Structures are given as C-alpha cells and as structure tokens.
1. Among the residues of segment 287-305, which ones are more than 17 Å from residue 332 (Cβ to Cβ) and either in contact with a strand residue (DSSP E or B) (Cβ under 7 Å, 6 or more places away or on another chain) or in a helix (DSSP H, G or I) (or both)?
2. Any residue in segment 46-56 that is at pLDDT 95 or above, surrounded by fewer than 17 Cβ atoms within 10 Å (Cβ to Cβ) and of a type in the set (S, T, N, Q)?
3. Of the residues 179, 137, 161, 125, only one is under 24 Å from residue 94 (Cα atoms), surrounded by 11 or more Cβ atoms within 10 Å (Cβ to Cβ), in contact with a Cys (Cβ under 6 Å, 6 or more places away or on another chain) and of a type in the set (A, V, I, L, M); which?
4. State all residues of segment 123-147 that are part of a strand (DSSP E or B) and of a type in the set (A, V, I, L, M); if no residue qualifies, say none.
5. Which numbered condition trips up residue 37, out of (1) over 23 Å from the mean Cα position of the chain (by Cα); (2) at pLDDT 90 or above; (3) aliphatic (A, V, I, L, M)?
6. Taking segment 283-336, which residues are crowded, with 24+ Cβ neighbours inside 10 Å and among the polar types (S, T, N, Q)?
7. With respect to residue 151, determine if the residue is in contact with a Pro (Cβ under 9 Å, 6 or more places away or on another chain), surrounded by fewer than 18 Cβ atoms within 10 Å (Cβ to Cβ) and of a type outside the set (Asp, Glu).
8. Regarding residue 276, is this residue over 19 Å from residue 155 (Cα atoms) and either surrounded by 22 or more Cβ atoms within 10 Å (Cβ to Cβ) or of a type in the set (A, V, I, L, M) (or both)?
Amino acid sequence: MPANTQPTDAPVSPAGPRRVALVMIARDEAPRIARALASARPWVDALVVLDTGSHDDTVARAQAAGAHVGHFTWIDDFAAARNAALALAEQATGAHWCLMLDADEWIDAEASGGAPALQALFDGLRRPGPPPAHVGLLRVLSDYDTPQGIAQAMTWLPRLLPRGVRYEGRIHEHPVHALPTQRLPLVLGHDGYRDQALAAKAGRNAALLQAALAEQPDDAYLHYQLGKDHDAYGRWAEAAACHARSRACDPAAAATGPGWWHDRAVREIHALKACGRHEDGLQRAEAGMDAWADSPDFWFALGDLMLDWAAEAPQRAGELLPMIEAAWLRCLEIGERPDLEGSVHGRGSHLARRNLQVLYEGTGRPDEAARMRAPQAHPAPHPAGIAVL
C-alpha cells in the first residue's frame, strides 16, 4: 500500500458479532513486536500494524505474526500516525473496537485474570447490540530499573476505542471524545521505561514535547510530561521546574482534577529531594496533604525526602526521624492503591516495610525491625502523625 494511503473501506455489519482489532504503530521494533502481537492474537479478530519507516525487520516480523501491515511517512506527530492506523484498522478489517498497543507492551494474561477472564471480556466486546458507546481504560504496568532491582509503576490509559474515535497531540497524544470511560480488567505489561530502552530513545520525546509546548505554552499536561521525561533521565532540576510550571498552568491542584495530578505531585516531591531542595519539597507536601492523604506514594515520597534531609543535616535528625517513621507507617495503614495514577507497587506494602526495617535497625530498635521483616507485617498506630516544620 502506498505511504499515507488507506485501502478500500471494509463493510461494517449493523448486526452480528462485533469485531475487535489490535492496532499498533511501530518503527524499528523487530526485537519486541512479535511478543506484543502474540499476546493479543488469541483474543482479537485482526492484527493491524502501521509501520512509520522501519529500517530493520519490523515489517517482516509483523507479517509473519499474521498482521495486516500498512505504511506511513513519519511527520513528528504521534496523533497523525495513530489516526492513520485507526483508519486502516476500521477500513481494512471492519473493526468496531480498536485495542491500542505499543510494540514494547503486551497483554499480561495472568494479571488480567487468566484465559477464562480474557475470553469472557472479549466475548462481551463482540456481543451484537447498539454501537459501542464508551472508551475502555486499561491498567498498564510499567517495569523500570532501580538500584534494588526492577520496580513497577501503574497507570490507567484509554486504550480500547470504539470505531470513529481519533487522537490529538503531537506527543503523549490522547483520544478525543465525549463518551463515558470504563475501567476494564485487561492489564498490559510494558518495559519501555527500562534503562536500555530509555537509552535507545533518549532525546526523542523531549524534542517533540518542546515543539508541542512552542505551540501550546500553557498546556499543563505537556509540562507534566516534559517533567516526566526529565525524571526518566535524572535531570532533576529541570523536572522540578516543569512540574512547578505545570501546576501554575492549572486553576487548582486538587484531588478532584485529572488522575495524572497525583503522579505529578509525587514526582515533584521526588525531584525536589533529588536536587537537594528539601524545604521546598516539604512545603509542596504540606500543600498536597489534604488532596493526597490516602496515597501511599505521596507519603512514601515524603518519607524519602525527609530521610535525605536528615542525612544532609544531621542536627535535624531528632526532629525528622519520627516524621519519617510516621510517613512510612502511614503507607502501610493505607495499603496499595493501584487505582491512583502513577502508583508504584510496594509503596503501600513491602517497600515501606523495607524502609522501616532499615530505619529501625539504624536507630537501635531490633524488635520493630524484626516485625517489619515478617512477611505480613502490619503497622502499629503511629504517634502523632506528620508534624509541620
């Protein structure tokens, strides 16, 4: 098929089972694309890949996996490419539903409840009836490297789109619609934030984000995404500045806002800690306590910030250590919150316990350290909570 053109429309039956297509844009993804397509093949009616200019074996491997492959000339615009892929899927396969997947993602069958649960979900999507009238939110579990090993962050993303929905945005594009959203028990794995993957695409997203911000300088979401990109590469001062700018572009940073506000709040505290701005970080945390009182990620980041501060200013350790303990105990009281955007698995459980264990061992409290080593350690009521300095 010629670049940037689409095949003849496939008819869409008003009755009968609805069709589900896996839709992907890809470029130079030969090492990963077969894994992504194989994970979806048992559940969908068609695999559609739009190649945006590969120089490796991406196209051949996609075709070998049974995908319908189209071609698109890259124009530094993810929304344009995704919209061309959606049009290709709808016209070539008659898809009623488009399941959007990237090549560094895969359907995590175990996390989704196993084959019976997946079969039930996709059978429901195919059921005849009125045209689909909602957008499906999927849980994406992203692996990333830490000094302690691989950690995992969670986000909910609109990835199951009914026919006709299209994207906007040069980068970190999003589907535009007025439909209700529904969280689905379909979980995607993602390893595009691992160190090796980040090194391979260093600079790409930042350049596109800067170009988008030149067009929309007051877009809070774009500033947040640029802050995330700086986070990923350890540019902490730049990350903190972007998150602050993002907040300034919002009318109010409260828990009633979009889900990514939670991730921004946690990332800003972490960035301020990483560049040694402890007092600024504490002020940001105090401003967010009402909004994020039930977020283990928030309290985990606050405890980390205060521990770093105590290490830098030992004369304040006596004041800070009880507050550090209280923050991490609060994490355990709350437990895991996978519903919160950007939440990291373990901050409401084993990661907080590990930090408390180290804290107790370092302060001569062996019995409490042993309790935190226990597999099902539960927190004791903490003293007076978090005080304001």
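The values are calculated or read from the model by the stated rules, or taken from the named source; none is laboratory data. Predicted model only: the values in this text are computed from it and were never measured. Quick reminder, even Gly has a Cβ in these numbers, built from the backbone with ideal geometry, and neighbours come from all protein chains shown.
1. Looking only at segment 287-305, we keep the residues that are more than 17 Å from residue 332 (Cβ to Cβ), and these are 287-291, 305.
287, 288, 305, listed by residue number.
2. Filtering segment 46-56 for residues at pLDDT 95 or above gives 46-56.
From what is left, the residues that are surrounded by fewer than 17 Cβ atoms within 10 Å (Cβ to Cβ) are 53, 55-56.
Still in the list and also of a type in the set (S, T, N, Q): none.
Among the residues of segment 46-56, not one is at pLDDT 95 or above, surrounded by fewer than 17 Cβ atoms within 10 Å (Cβ to Cβ) and of a type in the set (S, T, N, Q), which makes the answer no.
3. Details: 179 fails: in contact with a Cys (Cβ under 6 Å, 6 or more places away or on another chain); 137 fails: in contact with a Cys (Cβ under 6 Å, 6 or more places away or on another chain); 125 fails: in contact with a Cys (Cβ under 6 Å, 6 or more places away or on another chain).
Selected residue: 161, the only one of 179, 137, 161, 125 that is under 24 Å from residue 94 (Cα atoms), surrounded by 11 or more Cβ atoms within 10 Å (Cβ to Cβ), in contact with a Cys (Cβ under 6 Å, 6 or more places away or on another chain) and of a type in the set (A, V, I, L, M).
4. To start, the set of residues in segment 123-147 that are part of a strand (DSSP E or B) comprises 135-146.
Once the filter is applied, which keeps residues that are part of a strand (DSSP E or B) and of a type in the set (A, V, I, L, M), segment 123-147 yields 135, 137, 138, 140, 141.
5. (1)
6. 295 - this is the single residue of segment 283-336 that is crowded, with 24+ Cβ neighbours inside 10 Å and among the polar types (S, T, N, Q).
7. Criteria not met by residue 151.
8. On the way: over 19 Å from residue 155 (Cα atoms): yes; either surrounded by 22 or more Cβ atoms within 10 Å (Cβ to Cβ) or of a type in the set (A, V, I, L, M) (or both): no.
Judged against the criteria, residue 276 is not a match.
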